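Comments concern the structure below.
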Amino acid sequence: MKKLGSIVKNIRSKNAGPYWVTIDVFCKNKKSFIKISNKLNTDLLSKTFQIKKNKIKTFQIDNLNVYKISFPRSLVQGHMKDRDMHGAQYSLILSEMRL
């Protein structure tokens, strides 16, 4: 099994406003996009990020070969206990995931 980060072009995570995080997985081509779209599902993402699966939204943008994941932040951005103000660390978790 390979790490997801080694089989895609780029993985980027960021805030989607103060209450949501969004992760974009940019695939190298249509073949890798289809493979990743079939493997990354809400069950796997729920376990990985420890978020209820009904809170996770996924979007497949076929013409761009992009798989998008969105979910609510556990704390509002800027909260005193917020350790990832920009939501950037989620991409690292996904990048290390083995598929």
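Some observations on this one:
- Length gained on full extension, Lys81 to Ile61, computed as 0.36 nm times the residue gap minus the Cα-Cα distance: 3.8 nm.
- In order along segment 56-70, the phi-based Karplus estimate (6.51 cos²θ - 1.76 cosθ + 1.60, θ = phi - 60°) of 3J(HN,Hα) comes to 8, 10, 10, 9, 10, 9, 4, 5, 10, 6, 10, 10, 10, 10, 9 Hz; Gly and Pro are listed as x.
- Integer Hz, Karplus 6.51/-1.76/1.60 couplings in order for segment 74-79, x for Gly and Pro: 6, 10, 4, 4, x, 4
- For Lys53, the lysines whose Cα falls under 20 Å of its own Cα, not counting residues fewer than eight places away in the same chain, are Lys14, Lys39, Lys68.
- Which label in (i) 21, 17, 10; (ii) 23, 13, 13; (iii) 23, 20, 13 gives the computed semi-axes √(5λ) of the Cα gyration tensor in Å: (ii)
- Atom-type composition of the exposed protein surface of segment 18-99 places 53 percent of the accessible area on carbon and sulfur (1.4 angstrom probe).
- Per residue accessible area of segment 28-99, 1.4 Å probe, in Å²: 68
- Under 5 Å from the amide H of Arg73 lie the amide H atoms of Trp20, Val21, each residue being 5 or more positions distant or on a separate chain, with H modelled from the backbone and absent for Pro and chain starts.
- Here the 3J(HN,Hα) profile of segment 23-37, calculated from phi with Karplus coefficients 6.51, -1.76 and 1.60 at θ = phi - 60°, is 10, 10, 10, 8, 8, 5, 7, 4, 4, 5, 4, 5, 4, 5, 4 Hz, Gly and Pro shown as x.
The values are calculated or read from the model by the stated rules, or taken from the named source; none is laboratory data. The structure presented is a predicted model; accordingly, all values stated were derived computationally and were not measured. Note: areas computed on protein heavy atoms with side chains; ligands, DNA, RNA excluded. Shrake-Rupley method; radii C 1.70, N 1.55, O 1.52, S 1.80 Å.
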